[in-house]
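The values are calculated or read from the model by the stated rules, or taken from the named source; none is laboratory data. Note that this is a predicted model, so its numbers are computed, not measured. FYI the Cβ positions are ideal-geometry reconstructions off the backbone, even for glycines, and counts take in every protein chain you see. Ligands, DNA and RNA are stripped out before the accessible areas are found, and what is left, the full protein with its side chains, is counted by its heavy atoms. Shrake-Rupley method; radii C 1.70, N 1.55, O 1.52, S 1.80 Å.
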Amino acid sequence: MSRERAMAFERAWVKTLAVLLFAYATASLVHHAHNAEFLADYPNMPAWITRPAVYAAWLGETLLGATGYLILRRGYLAAGIALIAVYAALGFDAFAHYALAPAHAHTAAMNATIWLEAASAALVFVAVAALARRP
């Protein structure tokens, strides 16, 4: 593959990654907001988890992803990809709800936000893998 084509491939995936990161951050916010606002309704949630802590967790996670993207855009591809991969991995933590109670113990909205966050995190992983394997 020519250098020009390789650069075009990378630019396309960086743009795609930006869209996917925005979608994931939004899905994650929806899940965290639902979690925070209906915390008492989530089955078997530990008492130490509070509404402000849920929002703080979202903010911290999202800042990690944004920092990774900014580092990537500055030309530090490996470091940016690594941070974004960690950020995406945090999206799978939504499944931890099922360690506390089975899916049928959650409402449809709870399950929807859990799966929306995890699915969007998986799409970010696809983009990160494509960038990591760039020609």
Item to check | Modelled FRET efficiency - R0 25 Å, Trp115 with Thr67, Cβ distances, 0.05 increments | outcome: 0.45
Next on the checklist: I need the helices of the chain that pass two filters: whole DSSP H segments spanning 24 Å or more by Cα along the axis, and mean Kyte-Doolittle score no lower than 0.0.
Outcome noted: 3-37, 51-73, 108-132
Checklist outcome for this item: In Å, the Kirkwood estimate of hydrodynamic radius for the range 62-135 over Cα pairs equals 13.3 Å
Next on the checklist: Can you tell me, using C-alpha contacts under 8 Å and at least 6 residues apart, the relative contact order of the range 1-71 as a whole percent?
Outcome noted: 31 percent
Item to check | Mean-position separation - Cα centroids, the range 1-54 and the range 57-119, in angstrom | outcome: 5 Å
Next on the checklist: Counting other C-beta atoms within 10 Å, and keeping those with at most 13, which DSSP coil chymotrypsin sites (Phe, Trp or Tyr not before Pro) do you find in the range 1-94?
Outcome noted: Trp48
Next on the checklist: Ignoring everything except DSSP H segments at least 4 long, calculate the 222 nm mean residue ellipticity for the chain; use -39,500 (n - 2.57) per segment, divide by total residues, nearest 500.
Outcome noted: -26000 deg cm²/dmol
Item to check | Histogram of C-alpha separations across the chain, 10 Å bin width, % | outcome: 13, 40, 27, 15, 5, 1
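Find the relative contact order for the chain and round it to a whole percent, using C-alpha pairs within less than 8 Å whose residues are 6+ positions apart.
36 percent.
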Checklist entry - Could you give the nm distance between label points at Val19 and Tyr55, where each point is 7 Å from its Cα heading toward the beta carbon? => result 3.2 nm
Checklist entry - Ignoring ligands, DNA and RNA, what percent of the accessible area of the chain is carbon or sulfur (1.4 Å)? => result 70 percent
Next on the checklist: What number comes out for accessible area per residue over the chain if the probe is 1.4 Å? Units Å², please.
Outcome noted: 56 Å²
Next on the checklist: Quick check: pseudo-label points 7 Å beyond the Cα along Cα→Cβ at His104 and Arg134, how many nm apart are they?
Outcome noted: 4.8 nm
